[in-house]
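The values are calculated or read from the model by the stated rules, or taken from the named source; none is laboratory data. Note that this is a predicted model, so its numbers are computed, not measured. Virtual Cβ from ideal backbone geometry, glycine too; neighbours counted across all protein chains shown. These accessible areas exclude ligands, DNA and RNA; they are computed on the full protein's heavy atoms, side chains included. Shrake-Rupley method; radii C 1.70, N 1.55, O 1.52, S 1.80 Å.
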Amino acid sequence: MTTANFGDTREVTAPADFHVHLRDGELSKLVTPHVQEGGFYLAYVMPNLVPPITTTEMAKEYKKRLKEHSSQVEFLMTLYLSDALDPNDVKNWKAAGIVGVKSYPRGVTTNSDEGIESYDKYDELFKEMEKHGIVLNLHGEIPSDHSKNICVLNAEERFLPVLSNLSTKYPKLRIVLEHATTAAAVQAVIACGDNVACTITAHHLSLTVDDWAGQSFHFCKPVAKFPEDRRALREAIKSGNRKFFLGSDSAPHPSHSKSTATHMSGCAAGVYTSPVLLPLVAHLLDSFGAIDRLADFTSHFGRDFYQTPAGPGAPKVVLQKVHGVKVQAEYSNGEKTVVPFWAGKDLEWQIVNVTQ
């Protein structure tokens, strides 16, 4: 086990977050600059706006708005898997900056009411995606169904046969199981071919079910699971398996929608990590003896899978181990306020330099 000592430093070239929610409008104006503030220079942007991003032009316009908020970050765009996607248009996506298609099961998370119920009808689309190198991103849960004993705690594990079937049926289609939370998911990804990879969030390296039960700011979808599941995620990173890399699933919500629930509706699902992401990941990896995997987990492995290498002159972010830096309590812009993960707690790593 390698543990960093006080004053130790680590360098990461062009950190890349391969799953982030940047919203739109005033909230996007507030949170988009936090990607770079948190140490990241690539953001793989989720399409679940209202309405969802389902066309090339919508993706291009959304990217343009994001660039206005943060000019130094590279934004990779995604489309929302739906009947609106035209297989004949896939050949044009990469030129428009569209790298992937995101699949949401209907109703399982924020803005997923238009999610899919069956993959069979997308055969032609997936074959075109194989041909043109477009990635399929899977929110790996199925909707709760109490008649079949399916709920938030086993929805991911019940989805895993779908992952296996898709990876076998489309062996040249690069597939990412997003934000894995279970030991079963780790094993399923390892069992699949090289066309399958998996993102792991910072908050799922920290939380278990005890941490979100009754604490709305730790509530997200998929929910954090059991200690043995968290241990499996950590071990996957420690192992150095290239299939596993960072996708933060950083998901900002106005603080009132996180802190308020009624008898008619629950609080918003999402954990917000962008402003402190790289120091947070360093802190967590250091805590379980994986600090030497920091650059692999936050840059190398994800960039390799997505075929987006850091170019000449890419920024190098230097972190240092410190005695403690307190996480800001909240971030505000006009009427919008968001609360970050670990607000008020101390991080033992901080960004000390960025060079190019």
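Normalised by the residues of the chain, what does the relative contact order come to in percent, with Cα pairs under 8 Å and at least six apart?
Numbers: 748 pairs, mean separation 74.4, N = 356.
About 21 percent, as a whole number.
Could you pull out the pairs from LYS321/LYS345; LYS60/LYS102; LYS63/LYS321; LYS221/LYS321 whose alpha carbons sit more than 24 Å apart here? Walk me through the numbers on the way to the answer.
Values: LYS321/LYS345 16 Å; LYS60/LYS102 16 Å; LYS63/LYS321 35 Å; LYS221/LYS321 31 Å.
Beyond 24 Å: LYS63/LYS321; LYS221/LYS321.
Add -39500 (n - 2.57) for each DSSP H run of 4 or more in the chain, then divide by its residues: what number comes out at 222 nm, to the nearest 500 deg cm²/dmol? List each step's numbers first, then the result.
Details: 11 runs with 97 residues, N = 356.
Value at 222 nm, helices only: -7500 deg cm²/dmol.
Separation between the GLU228 and THR9 pseudo-spin-labels, each 7 Å from Cα along Cα→Cβ, expressed in nm?
Result: 4.3 nm between the two label points.
What part of the accessible area of the chain, given as a whole %, is carbon or sulfur when the probe is 1.4 angstrom? Don't skip to the answer; put the middle values down first.
Values: 7120 of 14660 Å².
The C+S portion of the solvent-accessible surface of the chain is 49 percent.
Where the only charges are on Cβ atoms (+1 Lys, Arg; -1 Asp, Glu), what is the dipole of the chain about its Cα centre, to the nearest 20 debye?
Dipole size: approximately 480 debye.
Of the peptides 41-48, 78-85, 14-21, 57-64, how do they stack up when ordered by the mean number of other Cβ atoms within 10 Å, highest first? Before the final figure, lay out the partial values.
Working: 41-48: 24.8, 78-85: 20.1, 14-21: 27.1, 57-64: 15.8.
Per-residue mean Cβ counts within 10 Å order the peptides as 14-21, 41-48, 78-85, 57-64.
Straight-line reach from LYS243: which aspartates and glutamates have a Cα under 13 Å away, not including same-chain ones fewer than 8 places off?
By straight Cα distance, LYS243 reaches GLU178, ASP194, GLU235, ASP296, ASP304.
Would you mind telling me the antiparallel percentage of the DSSP bridges in the stretch 130-218, rounded to 5?
10 percent
Between (i) 5, 26, 37, 25, 6, 0; (ii) 5, 25, 33, 23, 10, 3, 0; (iii) 5, 19, 27, 23, 15, 6, 3, 2, 1, 0, 0, which entry matches P(r) over Cα pairs in 10 Å bins from 0, in percent as derived from the coordinates of this structure?
(i)
By the gyration tensor of its Cα atoms, with a ≥ b ≥ c the square roots of the eigenvalues, what is the shape of the stretch 136-216: rounded for a/c under 1.5, prolate for a/b over b/c, or oblate?
Working: a/c = 2.59, a/b = 1.49, b/c = 1.73.
It is oblate, given that a/c is not under 1.5 and a/b is not larger than b/c.
Would you mind putting 222-232, 178-188 in packing order, based on average other-beta-carbon counts within 10 Å, highest first?
Numbers: 222-232: 19.0, 178-188: 22.8.
Ranking, from highest mean packing down: 178-188, 222-232.
Hey, can you find the accessible area per residue of the chain for me, probe 1.4 Å, expressed in square angstrom?
On the way: 14660 Å² over 356 residues.
Averaged over the residues of the chain, the accessible area is 41 Å².
May I ask what percent, to the nearest 5, of DSSP beta bridges between residues of the chain are antiparallel?
Working: 17 of 45 bridges.
So the antiparallel bridges amount to about 40 percent of the total.
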